[in-house]
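Below is one structure; the comments refer to it alone.
Throughout, read-outs are computed from the coordinates displayed, never taken from laboratory work. Please read these numbers as outputs of a predicted model, since none were measured by experiment. Cβ: placed from backbone, ideal geometry, glycine included. Neighbour counts: every protein chain shown.
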Amino acid sequence: MNEKVLQKGKIGSLIVILITSLFAVFSCQNSTHPAKKISLNPLFTDNMVLQRDQEIPVWGKSEPGGEVVVTLNGQKKKGVADDNGSWKVELSPISAGGPYELIISGTDEHKIKNVMVGEVWICSGQSNMEMAVNTEWGKINNAEEEVANANYPNIRLMMVNKTMATTPQENFTSSGWKECSPETVAKFSAVAYLFGRKLYKELNVPIGLIETAWGGTVVEAWTSAKALKNINEYVNEIDALNTGLFERKKYKRSDNKAQKAWINEVQGELKKSGILSRGYNKYGYDSKDWKTLDVPKIWENQNIDFDGVMWVKKEITIPESWKGKDLILSLGAINDYDITWFNGEVVGSMPNAAMPRSYKIPKELVKVGRNEITVLILDIGNNGGIYGSPKSTIIGYSKEATISLAGKWKYKKDKFDLNLLSHPPMWDISVAQNRPTVLYNAMINPLLPYGIRGAIWYQGESNAERAMQYRKLFKALINDWRAAWGQGNFQFLFVQLANFMKRSNKPTDDSWAHLREAQTMALELPNTGMAVTIDIGEAKDIHPKNKQEVGRRLALIALAKTYGKDIPYSGPMFKSMKKEGSKIRLQFTNTDKGLKIKGGKQLKGFAIAGTDKKFVWAKAKIDGDEVIVWNSKIKNPVAVRYAWASNPLCNLYNGADLPASPFRTDSW
């Protein structure tokens, strides 16, 4: 054979071998193996609801480089875990329906059953969002009936457990999604459930509600570090959190002038009434004729419907081994004000229901054998008593050496006129969960980027003393969440603060009025809506029980603005003013079927001022879709305010029976 031919043959064989080798190497490098040790975000559990008609993100963790296969309703999509082990698969949009089975597989398989596709809403804020349908510390109107009738298996409930973190987290703890039933709804957010129930009845599609709320918290705790860094007063605090210099705060009291004045007022009235000289607090007082109640438990939940002063007493036996030791008496929360004695000596007092009672008992007061705890409780309205968990109702000197105080206590009602007291001021309780970003990090960030339709929000009470700052903070939170979710300007609906506290008989200028104005300013952002509740609050209870109407009004906004229903969804909103001689004419939007007076024949709640900026009550009358306001003593009026108080008397509505929002025409 020709030598050149042999050489060509060898070269050809080498080329074939080289190509084959390169192909094998290339294939090896680009092949993927099934993912190992797959874990899912806690949102993905049986009974879950996925958002309809938009891409569906599914995500979790596994060993790096592995392939994850996600299957749902005939779709099969794949993803590969990155170098950090994170993976995400996006399924194509699905119409409302179910139940389906969501399967996530690698070397092992995760089957999520009873999955529905429908409408998903985030439900967040502080205690008025957290307030459940029927629990110890607060129950709504007709709570038992609401629970008994809550058979809606296509409404699904997810509750994020309370926790906090100084850095953004990927996971959270929860008992998972639950079908709505009498067994599952009682401890779930009442506002969220009643909002979702209205949507379900109107839309007839599955509804998913994710409750992530914490009572007594401030808006900045729910906002990311990235957003707060744009607000000057938070730059240093965010830097401190990031460097670990921000130490966990313990509860502390720092009463201001108004708070100290109220405490002195209570103590003075108790003394003048003779209550403190009855001798009930003395060691050895015979309480055998007193009745018994359960502690910890709200009075009203044990058929004791009472507001005023009550004495409660318990005897305990201290063992010999505790002799010579200082003790800690923990009673948890008490609604509202308490004075606590141990063996006849005062050991502590707190003025507010949200303050945890933890009092030091000096060793000199401790007796081996019989000891007495006596508590005077002043309940100014609504629920009263020692409440919370049995675990927080203890006495001892270490975690291992405690005596439970839960169980039967003696009690005796006392006579006291609550009208002698002014309404208590608000207390700013400095606790760890109110640090900037810590709730966003732990209770919002782990939910990203779950598919949602929108969010409902009920918060603001804890920021009321900083209403001007809230103008920036609230808008920052809304924009922050929308940017983080990456789903555009989703619907963000919120509740304006309800009426609360003692009603003033003259025009006032207080913090709650300014906070409501700050909330109203958030309507300048797209796809927002505000449920006005200025007519359904309670003077003596910051947690009004009529959550049915709160949920309904939020749902009206969603049905109209999110789901395209042609229905009224807002009460009258101030639009503009026009001066007409000694009178001012006001224009409004959302006057559906015309303005009207509700309750009485005269419009109430309007105040007017001249150039001296001093407001006086005004007369007002409806003229079509406008209101004319005047006071005969004000010849040159320049400004009008409506419902501008913590608890105003006001009665302007539209034809849909929705109340007008508080407003002012000035900026003084």
From the cross-link list K297/K413; K291/K360; K139/K297, which pairs have alpha carbons spaced over 22 Å apart? K291/K360
Pairing the Cα long axis of helix 190-203 with the longest principal axis of the chain, what angle in degrees results, from 0 to 90 and rounded to the nearest 10? 60 degrees
In nm, spacing of pseudo-spin labels at D82 and N264 (7 Å Cα→C-beta vector): 6.0 nm
Magnitude of the Cβ-charge dipole (Lys and Arg +1, Asp and Glu -1) of segment 426-580 about the Cα centre, nearest 20 debye, reported as 240 debye
Checking the table K593/K621; K257/K502; K547/K621; K575/K621 against a 21 Å threshold on Cα-Cα, which pairs fail? K547/K621
Placed amide H near N651: partners under 5 Å, 5+ positions off or other chain: K604
Computed FRET value (nearest 0.05) for E144 with A560, which takes r as the C-beta separation and R₀ as 35 Å: 0.65
To the nearest 10 degrees, the tilt of helix 257-273 (Cα long axis) against the first principal axis of the alpha carbons of the chain is 50 degrees
Does anyone have the angle between helix 467-485 and the longest principal axis of the chain? Alpha-carbon axes, 0 to 90°, nearest 10? 20 degrees
FRET efficiency (Q469, D255; Cβ distance; R0 30 Å; to 0.05) is 0.90
What full-extension length gain, to one decimal in nm, is calculated for S404 and D239 as 0.36 nm per residue of separation minus the Cα-Cα distance? 55.2 nm
Students often get this wrong, so check it: of K314/K391; K540/K596; K178/K201, which have C-alpha atoms separated by over 24 Å? K540/K596
Dipole of the chain, positive direction: furthest Cα of A192, S86, Y450, with charges on the beta-carbon: A192
Cα Rg, Dmax, segment 257-420, angstrom units: 15.3, 48
A correct Karplus calculation of ³J(HN,Hα) over segment 434-451, with 6.51 cos²θ - 1.76 cosθ + 1.60, θ = phi - 60°, whole Hz and x for Gly and Pro, returns 9, 5, x, 6, 5, 8, 4, 4, 9, 10, 10, 3, x, 7, 6, x, 3, x
Residue-wise HN-Hα coupling along segment 504-518, computed from phi with Karplus coefficients 6.51, -1.76, 1.60 (Hz; x: Gly, Pro): 8, 8, 9, x, 10, 9, 10, 5, 5, 5, 5, 5, 4, 5, 4
List, in order, the whole-Hz ³J(HN,Hα) value for each residue of segment 308-318 obtained from phi through the Karplus relation with A = 6.51, B = -1.76, C = 1.60 and θ = phi - 60°; use x for Gly and Pro. x, 9, 10, 9, 10, 8, 9, 9, 9, 10, 8
Between N171 and S422, what FRET efficiency comes out of the Förster formula 1/(1 + (r/R0)^6) with R0 = 51 Å and r the beta carbon distance, rounded to 0.05? 0.65
Amide N proximity, segment 642-668 versus K578 label position 7 Å along Cα-to-Cβ, cut-off under 19 Å: 665-666
Please give, to one decimal in nm, the separation of the simple spin-label points placed at N151 and A432, each 7 Å out from Cα toward the Cβ. 4.4 nm
Taking N as the number of residues in the chain, what is its alpha-carbon radius of gyration divided by 2.2 N^0.38 Å? 1.18
